[in-house]
Amino acid sequence: MQAQFPLIPEQASNFAPTVDLLMLFIVAICLFFAVAITAAVIYFFFKYERKHQTEIGVPIHGDTRLETAWIVVPLVLAMAMFAWGAVVYVDFRHSPGDTLDIYVVGKQWMWKVQQPNGLKEINEVHLPVDRDVRLIMASEDVIHDFSVPAFRVKMDVVPGHYNTMWFRPTKAGRYRLYCSQYCGTNHAVMTGWITVMEQSDYAAWLSGSAGTEANPLVAGEKLFSERACVTCHLSDGKGRAPSLNGVYGGQVPLADGRTVTADDAYIRESILQPAAKIVAGYQPLMPSFQGQLTEEQITALIAYIKSLQNEPPPPTGAGVVTASGKK
Amino acid sequence: MDTPTSTHTATAPVYKIPGEHYLNSSYGIRSWLLTTDHKRIALLYLFSVTFFFFVGGIFATMIRIHLMTPQGFLVTPETYNKLFTMHGVAMIFFFLIPSIPAVLGNFLVPLMIGAKDLAFPKINLLSWYIYVIGGCFVLYSFSTGGLDTGWTFYTPLSSVYSNSAVTPAVLGIFINGFSSILTGLNFVVTIHTMRAPGMTWFRLPLFVWAQYATSIIFILGTPVIAITLLLVGLERMFHLGFFNPALGGDPILFQHLFWFYSHPAVYIMILPAMGVISEIIPTFARKPIFGYSFIAGSSIAIAVIGFFVWAHHMFLTGESVYAALAFSFLSYLVAIPSAVKVFNWTSTLYKGSISWDTPMLYALGFIGLFLIGGLTGLFLACLGLDIHIHDTYFVVAHFHYIMVGGAVMGYLGGIHFWWPKISGRMYPEFLARVSAIILFMGFNLTFFPQFILGYLGMPRRYHSYPPEFQVLNVMSTAGASILALGYLLPMMYLVWSLKYGTVTGPNPWPATGLEWKTDSPPPTENFLVTPEVTWEPYDYETRPDLELDHIVAGKLPAPAHGDD
């Protein structure tokens, strides 16, 4: 139960207590300096108030030891704040393995959300308690920002690439969701609710509502043949483009010698800007699908490619024919 | 120089306004619009930045009235978005950035270093005209469709999606940029080449050091914002894909370019105010400033390090974790020189002879508000904490404490401090003290609740908000009404004092700078004889010429016999 005038929002995720403690630490340091300096200034004003017309102050020009002290001490404290803040941030930016992945698309002025089984929600997100959740977010127009104060998390949702963030809800309840990056006329009503449920309730909710929406996997498979992806990306690896079996989540060698992790962002880029990263042994033949697929279609394609993760990859060397230049 | 008519007593002498000075040396509208006198140009700027301050202030008033209820009852969402955008654009580009440099800096830099004018007087006039032309473009944008992109002009909202008058506004800011660049150039050349004999670098008033540091930022930073906003205009008009991802551009690139200038711009606003405070405190404590070289050096350090912190506005754009770590680290570094200044100001008060004159009250208010503004910057520089408070009212409160609590308090403190020099007359002391206190209280009531709102999660730029935030919003609006009174009062009594204020003579406080060695108001050529500086800055010990028993301000009894 919140007090009448709370100073902090509810703590409902793994990050909330950490961020609040960090806040308290910095507040304590800052309060100390603010009070000390204010007290000194006020004391000096009264203590050294001018007594008569021609009085002048005692000429003191400075003191190098003092200057050194008030450079070094604040620097040390500042570095402590920096280090603690960095630890929290690095944790926030690296999602753990085995997350519940939810796709989020921001558009003027609503949040479109897709659960792992394809169930779609608008301005509502249902989540299970005590489960690591990862949001994979894209924007269809301008920059938005997915912000949940009760979780102490937010992340910009930027057109042109995926941003992800993770957290673990720790308390069942309903929490406000805001768009925190100004996005035009109805920015202030691009809000919604996060509903955190007990895990069993979530499972029941998910199965009870499933089937009413197209499964992204099915939609993705359909798109994969409709858009003729399948004509080059043959599963046996004998096509003009690499087989996508077992690609997701693994390391992909590139033509320029680098390797890249096949995550959502990489696959998205490969669909929209195929020439950006060419797989070793293949020619840059694929056309760009920039502007031809909606964010939801891209999400569906990725879901399908992700489902091929556990398919056996073709034997090594199957695609090498093209590497020798003979197509 | 006029001489006091009374004899050597503790009562203030009666002064007369000198026969000829920069205000009456010539008459007519042409003599103002074609003037090359830095003091008249400063006054031209004073009128124009005051105009924009009131334009921005009216928008702010409407914003605060609108936010009294959760649903917002004054204007539509479209209009609200335009109000906060136009408030930001008017206040930042057309009031705060030019306020202290172009008004007080223009008036004082030549006087303080003992020069007759700036190095390039005609360019100085040109920069005012450029400012006015830029201002007209922006006013045209405001009055024909308004502007709803936020003052930050984030792409692709500004370059593709906004239906408001973005193009004239970005052109106006592009044009206005040249005004800043030329002013900065003028100051740098003037300070390097036109110092009076004996005015060495380490005898320069700290206000001049602050103007020098600011000028560096003007020259190095402004071209970047100018060209960036021009690119936004080109993307809007000709669909060139710089920032729009649909055309192959990168919206985050815009943020890098924008903040590369706009973060240093914060220092453009605060550094000159720090310079003002560094003048006021030694004058009203009547002793040399503590740690002169550390205060001077910290201005330069802020100007330089300030160029390497820009991406701390972008911790949550998805930028690389390593970049975020570097920019957080550098943001903490830039806090240190600001802390050094505050410690030095405080130490200057120790064993001073302190008076409570209005400029000193503003300096006191500045220290209090800048402390809160600066310290809350440490919260935002903290990566882990920024995840939660980024883009909330915490940020709004923080930068208002710096820009209004810091820069505007410094500006008003400076206007009061040098008002006798500018006008030759004193403002009414009692009213001035009252309004300084009203400003301080109104400001805190307006913006302190916003820190709490921010931590509770209220995002900025919301025309409506959940009902649980109403109490704090109403407090903020109540504070804003007090704040408005605090701004209107000086406006009225300063105008009143032009005719009815006490004539002060050359050095009413008295202060130690060269600008106080000439008449008030000064003659057009500033000094009839080029002065020679033989004293150290803020030195009261060896300056019998200050005639402490002749001062006009803050009269006190003469020392008891045998004292001193």
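If the viscosity is 1.306 mPa s and the temperature 10 °C, what Stokes-Einstein diffusion coefficient in µm²/s follows for the protein assembly as shown when Rh is the Kirkwood radius over Cα pairs?
D = 53 µm²/s.
For chain A, what does the relative contact order come out to in percent, with C-alpha contacts under 8 Å and a separation of six or more?
In percent, rounded to a whole number, it is 15.
Report the FRET efficiency, 1/(1 + (r/R0)^6), for A:Q251 and B:T76, where r is their Cβ-Cβ distance and R0 is 60 Å, rounded to 0.05.
Numbers: r = 53 Å, r/R0 = 0.88.
E(calc), rounded to 0.05, equals 0.70.
Mind checking the alpha-carbon convex hull of chain A and giving the volume per residue in Å³? Show your work: numbers first, answer last.
On the way: hull volume 73.9 nm³, N = 327.
It is 226 Å³ per residue.
Between A:N310 and A:K222, what FRET efficiency follows from the Cβ-Cβ distance if R0 is 25 Å, with the result rounded to 0.05?
Working: r = 20 Å, r/R0 = 0.81.
Approximately 0.80, to the nearest 0.05.
Under 8 Å for C-alpha pairs, at least 6 residues apart: give me the relative contact order for region A:216-323, rounded to a whole percent. Could you put the intermediate results ahead of the total?
Numbers: 165 pairs, mean separation 41.5, N = 108.
The value is 38 percent.
State the antiparallel share, in %, of DSSP beta bridges confined to the protein assembly as shown, rounding to the nearest 5.
70 percent
Kindly put A:H61, A:H161 in sequence by how many other C-beta atoms sit within 10 Å of each C-beta, fewest to most.
Sorted ascending by nearby Cβ count, the order is A:H61, A:H161.
Among A:V125, A:V87, A:V35, whose mean-square fluctuation peaks in a Gaussian network model of chain A (Cα, cutoff 10 Å)?
Most flexible of the set in this elastic network: A:V35.
So for chain B, taking the charge dipole from beta-carbon charges (+1 Lys/Arg, -1 Asp/Glu), which of B:M86, B:I367, B:L229 sits furthest toward the positive end?
Among B:M86, B:I367, B:L229, the one farthest towards the positive end of the dipole of chain B is B:M86.
Semi-axes, largest first, in whole Å: what does sqrt of 5 times each Cα gyration tensor eigenvalue give for region B:85-242?
35, 14, 12
When only Cα pairs under 8 Å and 6 or more residues apart are kept, what is the percent relative contact order across chain B?
Details: 955 pairs, mean separation 109.2, N = 564.
Relative CO of chain B lands at 19 percent.
So between A:L206 and A:V27, what do we pick up on full extension, going 0.36 nm a residue minus the alpha carbon distance?
Separation in residues times 0.36 nm, less the Cα-Cα distance, equals 60.2 nm.
For region B:425-547, report the % of Cα-Cα distances exceeding 22 Å.
Values: 4488 of 7503 pairs.
When all Cα pairs of region B:425-547 are counted, 60 percent exceed 22 Å.
DSSP loop trypsin sites (Lys or Arg not before Pro) in region A:249-299 with at most 12 other Cβ atoms within 10 Å of their Cβ, which ones?
Taking region A:249-299 and a limit of 12 other Cβ atoms within 10 Å, the loop trypsin sites (Lys or Arg not before Pro) found are A:R258.
Within region A:26-57, list the residues whose amide N lies under 16 Å from a label point set 7 Å along Cα→Cβ of A:A83.
A:26
If R0 is 30 Å, what FRET efficiency do you get for A:A36 and B:V471 from their C-beta distance, rounded to 0.05?
Computed FRET efficiency for A:A36 and B:V471: 0.45.
For A:H61 and A:R131 in the same chain, what is the full-extension length gain: residue separation times 0.36 nm, less their Cα-Cα distance, in nm?
19.1 nm
Determine Rg/Rh for region A:1-85; Rg is computed over alpha-carbon atoms and Rh is the Kirkwood hydrodynamic estimate from the same atoms.
Using Cα coordinates only, the ratio equals 1.19.
When chain A is treated as a GNM, springs tying every alpha-carbon pair under 10 Å, which of A:I302, A:I42, A:I60 comes out with the largest mean-square fluctuation?
Top of the fluctuation ranking is A:I60.
Would you list which lysines come within 17 Å of A:K107, measuring only between C-alpha atoms, while excluding same-chain residues fewer than 8 positions from it?
Correct list for A:K107: A:K120, A:K154.
So what is the calculated 222 nm ellipticity per residue for chain A, using -39500 (n - 2.57) for each DSSP H run with n of 4 or more, over all residues, to the nearest 500 deg cm²/dmol?
-11000 deg cm²/dmol
Once phi is turned into ³J(HN,Hα) by the Karplus curve 6.51 cos²θ - 1.76 cosθ + 1.60 with θ = phi - 60°, what whole-Hz value does each residue of region B:509-517 show in order, with x for glycine and proline?
7, x, 10, 9, x, 4, 4, 8, 8
Taking 0.36 nm per residue of sequence separation and subtracting the Cα-Cα distance, how much length would be gained by fully extending the chain between B:F430 and B:I29, in nm to one decimal?
140.9 nm
Given N residues in region A:216-323, what is its alpha carbon radius of gyration divided by 2.2 N^0.38 Å?
Here the Cα radius of gyration is 0.98 times the empirical estimate.
In nm, give the distance between the simple-model label positions of A:Q199 and A:F5, each being 7 Å from the Cα along the Cα-to-Cβ direction.
4.2 nm
Separation between the A:L75 and B:H239 pseudo-spin-labels, each 7 Å from Cα along Cα→Cβ, expressed in nm?
5.5 nm
Are there DSSP H segments in chain B that both extend 18 Å or more along their axis (alpha-carbon positions) and score a mean Kyte-Doolittle hydropathy of at least 0.0? List them, or say none.
Helices passing the filter in chain B: B:38-66, B:121-143, B:166-193, B:206-238, B:251-285, B:292-305, B:321-349, B:358-381, B:409-423, B:429-456, B:470-500.
Over region A:98-150, how many percent of alpha carbon pairs lie in each 10 Å bin up to the one with the longest distance?
Bins of 10 Å from zero give 24, 57, 19, 1 percent of pairs.
Provide B:M403, B:M91 in ascending order of the number of other Cβ atoms located within 10 Å of each residue's Cβ, fewest first.
With the fewest neighbours first, B:M403, B:M91 line up as B:M403, B:M91.
Cα atoms only, region A:118-256: Rg and Dmax in Å?
So, for region A:118-256, Rg and Dmax equal 18.7, 52 Å respectively.
Remind me, what semi-axes does region B:154-304 give for its equivalent ellipsoid, largest first in whole Å, using sqrt of 5 times each Cα gyration tensor eigenvalue?
Working from the Cα gyration tensor, I get semi-axes of 40, 15, 12 Å.
Note down, for chain B, the three equivalent ellipsoid semi-axes (square root of 5 times each alpha carbon gyration tensor eigenvalue), biggest first, whole angstrom.
In descending order the semi-axes read 40, 25, 23 Å.
If I histogram all Cα-Cα distances within region B:472-533 using bins 10 Å wide from 0, what percent of pairs lands in each bin?
17, 27, 24, 17, 11, 3
Lys/Arg Cβ at +1, Asp/Glu Cβ at -1, dipole of the protein assembly as shown taken about the Cα centre: which of B:L104, B:S31, B:I415 is farthest positive-ward?
Value: B:S31.
Taking a cut-off of 14 Å, what percent of all Cα-Cα pairs in region B:198-266 are separated by more than that? The partial results should precede the final answer.
Numbers: 1556 of 2346 pairs.
Cα-Cα pairs in region B:198-266 separated by more than 14 Å: 66 percent.
In terms of Cα to Cα distance under 18 Å, which lysines are near enough to A:K51, apart from those fewer than 8 places away along the same chain?
Within the straight-line cut-off, A:K51 pairs with B:K287, B:K351, B:K555.
What lysines sit close enough to B:K122 to cross-link, taking a C-alpha to C-alpha distance under 18 Å and skipping anything fewer than 8 places away on the same chain?
B:K39
The numbers here are math on the coordinates, done by the rules we state, and not lab data. From a predicted model like this one, the values you see are computed outputs, not experimental measurements. Positions of Cβ are generated from backbone atoms using ideal geometry, with glycine treated the same way; all protein chains shown enter the neighbour counts.
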